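To keep things clear, I will list the structure first and then write my remarks on it.
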Amino acid sequence: MTTIALQRVAAPVAPILAGGNRLLGHTPEYVRSPEAFLHRGWRENGDVFRCRLGASWYTVVLGPEHNKVFFRETDRLLSIREGYPFFPRMFGGEFFFLAPQEEYLRQRAVVLPKFKADAMRSYVAPMVEETEGLIARLGDAGEIDLISEVGPLVMDIAAHAFLGRDFRRRLDDSFFDCFRDFSRGMQVTWPQWLPLPHLRRSRRARRKLDRIFGEWIRHRRERPVDPPDFFQNLINARFADGEPISDEMAVNFTLMLIWAGHETTAGQLAWTLIDLLQHPDYLEEVRKEVDGVLGDRASADIGWPQVSALARVECAVKESERLHPVAHMALRRATEDVRFGPYRVPRGEYVLAAPCVSHLMPEVFPDPLAYRPSRFERGSAAASLEANRLIGFGGGVHRCIGVNFARLEMKVVVALLARHYDMELLDPPRPAAGALTRWPAEPARVRYAARTAAPGRQAPEAEAVSPTEAAPGGCPLHGDRS
Ligand code: HEM
């Protein structure tokens, strides 16, 4: 008899969380507030419990030991592909983590080098330039809704870093709107095949984005840039066996990277800023660090060495990932029976890992509700806080490919805003209701005023990147690109 079969006989399934109703199970409570629901489960049942969402059973697993099994068994006893049934309708079934494992690893090998620590140096300049562009548009004083500002900023950075400065200069807001429509394809619906309006809009947006990126590929094949940037390298890339990347594959990679990095980074960045604004003492420490490291350096001279030296900003980014993980849960489906501690998840059922609870366990993060970025200060203990403990970017082979990029980006934006502005949060923060990625809810208004004595502060106009400065040829969405 195999080990798996033995486990099937030996282990009981996890206890079912109280509550729920016959028709919808625990769905209404989960939708109202996933965090509150998952916390209740942990309080009442401990690290492993079952609940019913829609028609399906989910085993919720919490804490480092179970996280370790969750990530280790992915692609073995747990399927990531079947965990996210809404992705195939957005990307097709044979792409990246939706593809069979051999094909997934083949595709991943093409993009992975672009996200290793070494490659990060080249992304600092676009991040600084786009953030300075935002600062120029904001001017010296005013009031913004953080949520409406971070979304477009993150999109501009991604377009600049992944598609090139020339592409970014041609953008207007409709690109952002088109992406937002595309992203709505991941909203969960039951049953999956219902042709609801947001799904039709998502498909329309996908066709439009295919056209835009397809044309951009043709443009770049005719007029390659030298030295090659991210996009040029991508369309010139080959698989390990020498086969060139098809245009269709290049479009899919581009879509996936911008899409995967957008919702998540924008939400996490908003939380990082909000947390800092709520903790002025630490913000002051951050600012001292930023002033000390950047000095009176012009923004064009800010590079990798400076950004890597911003240790306190990095701690702030990690502490907000811990307290407000925007990817608040990860899903898998058991392809065989699988053990979590004393319990068995039967084949065919779902497993849900929940950073939003695992990050608040006092035995892992002492004084878990306190905002204390210093817990991530560099050193041996900090590294051990990450694996299977700080899991806002997942873990194992499918750990977020963009983790270095996203953390770098958040550091740059936070550092430059803290360098330029005094800021005050005007609304009490709370997570947006019903969202799959847990952004702060709107409004999250911030009043800002330029610091008068900031070292290296330049007149914003000097570096303005206004939409009217777009390169000849106009927005990629609106044609006329000769
Ligand atoms: C704060 C920002 C981000 C957060 C919180 C985040 C979170 C995550 C998480 C939790 C996973 C694993 C999901 C799972 O195991 O079920 C993941 C995977 C992934 N992320 Fe991110 N992400 C962020 C930014 C980015 C960026 C900037 C990119 C690309 C530019 C990116 C691209 C990806 C890709 C391609 C995967 C799939 C990896 C694989 O299956 O091999 N993400 N992300």
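The values are calculated or read from the model by the stated rules, or taken from the named source; none is laboratory data. From a predicted model like this one, the values you see are computed outputs, not experimental measurements. We place every Cβ from the backbone using ideal geometry, glycine too, and count neighbours over all the protein chains shown.
Number of residues in region 283-308 that are of a type in the set (A, V, I, L, M, F, W, C), exposed (fewer than 15 other Cβ atoms within 10 Å of the Cβ) and part of a loop (DSSP other than H, G, I, E, B): the value is 1.
Please enumerate the residues belonging to region 363-388 that are within 16 Å of the ligand (Cβ to nearest atom) and assigned to a loop (DSSP other than H, G, I, E, B). Passing the criteria: Ala387, Asn388. All of (1) more than 22 Å from the chain's Cα centre (by Cα); (2) at pLDDT below 95; (3) more than 16 Å from the ligand (Cβ to nearest atom) hold for Asp281 with one exception: (2).
For every residue, the table says whether it meets (1) within 15 Å of the ligand (Cβ to nearest atom); (2) under 25 Å from the mean Cα position of the chain (by Cα); (3) at pLDDT 95 or above.
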| residue | (1), (2), (3) |
| --- | --- |
| Ala11 | no, no, no |
| Asn21 | no, no, no |
| Glu44 | no, no, yes |
| Arg50 | no, no, yes |
| Glu73 | yes, yes, yes |
| Arg81 | yes, yes, no |
| Tyr104 | yes, yes, no |
| Lys116 | yes, yes, no |
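Among (1) out of contact with any Pro (no Cβ under 6 Å at 6 or more places or on another chain); (2) part of a strand (DSSP E or B), there is one condition Phe49 misses while meeting the rest; what is its number? Among (1) out of contact with any Pro (no Cβ under 6 Å at 6 or more places or on another chain); (2) part of a strand (DSSP E or B), Phe49 violates only (1). Just one of the listed residues (Ala334, Ala311) is over 20 Å from His420 (Cα atoms) and in contact (Cβ under 8 Å) with a residue 24 or more places away in the chain, namely Ala334.
Listed conditions (1) surrounded by fewer than 15 Cβ atoms within 10 Å (Cβ to Cβ); (2) out of contact with any Pro (no Cβ under 6 Å at 6 or more places or on another chain); (3) modelled with pLDDT of 90 or more; (4) more than 29 Å from Leu416 (Cβ to Cβ) are all met by Pro197, apart from (3). For region 389-403, filtered to residues that are farther than 22 Å from Met361 by Cβ and part of a loop (DSSP other than H, G, I, E, B), the residue that is farthest from the ligand (Cβ to nearest atom) is Ile401.
Filtering region 331-345 to residues that are in contact with a Ser or Thr (Cβ under 9 Å, 6 or more places away or on another chain) and either outside any strand (DSSP E or B) or within 12 Å of the ligand (Cβ to nearest atom) (or both) leaves Arg332, Arg333, Thr335.
Residue check: is Ala270 crowded, with 22+ Cβ neighbours inside 10 Å, more than 28 Å from Ile144 (Cβ to Cβ) and within 16 Å of the ligand (Cβ to nearest atom)?
Numbers: crowded, with 22+ Cβ neighbours inside 10 Å: yes; more than 28 Å from Ile144 (Cβ to Cβ): no; within 16 Å of the ligand (Cβ to nearest atom): yes.
For Ala270, the condition - crowded, with 22+ Cβ neighbours inside 10 Å, more than 28 Å from Ile144 (Cβ to Cβ) and within 16 Å of the ligand (Cβ to nearest atom) - is not met.
Screening region 309-322 for residues that are hydrophobic (A, V, I, L, M, F, W, C) and either within 13 Å of the ligand (Cβ to nearest atom) or not in a helix (DSSP H, G or I) (or both) and picking the one that is farthest from Ile391 (Cα to Cα) gives Ala309.
Table: residues versus (1) buried (at least 23 other Cβ atoms within 10 Å of the Cβ); (2) over 18 Å from the mean Cα position of the chain (by Cα); (3) of a type outside the set (Ser, Thr, Tyr).
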{"residue": "Cys356", "(1), (2), (3)": "yes, no, yes"}
{"residue": "Arg372", "(1), (2), (3)": "no, yes, yes"}
{"residue": "Gly396", "(1), (2), (3)": "no, no, yes"}
{"residue": "Cys400", "(1), (2), (3)": "no, no, yes"}
{"residue": "Phe405", "(1), (2), (3)": "yes, no, yes"}
{"residue": "Tyr421", "(1), (2), (3)": "no, yes, no"}
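Consider region 108-137 and keep the residues that are in a helix (DSSP H, G or I) and charged (D, E, K, R). The one that is surrounded by the most Cβ atoms within 10 Å (Cβ to Cβ) is Glu130.
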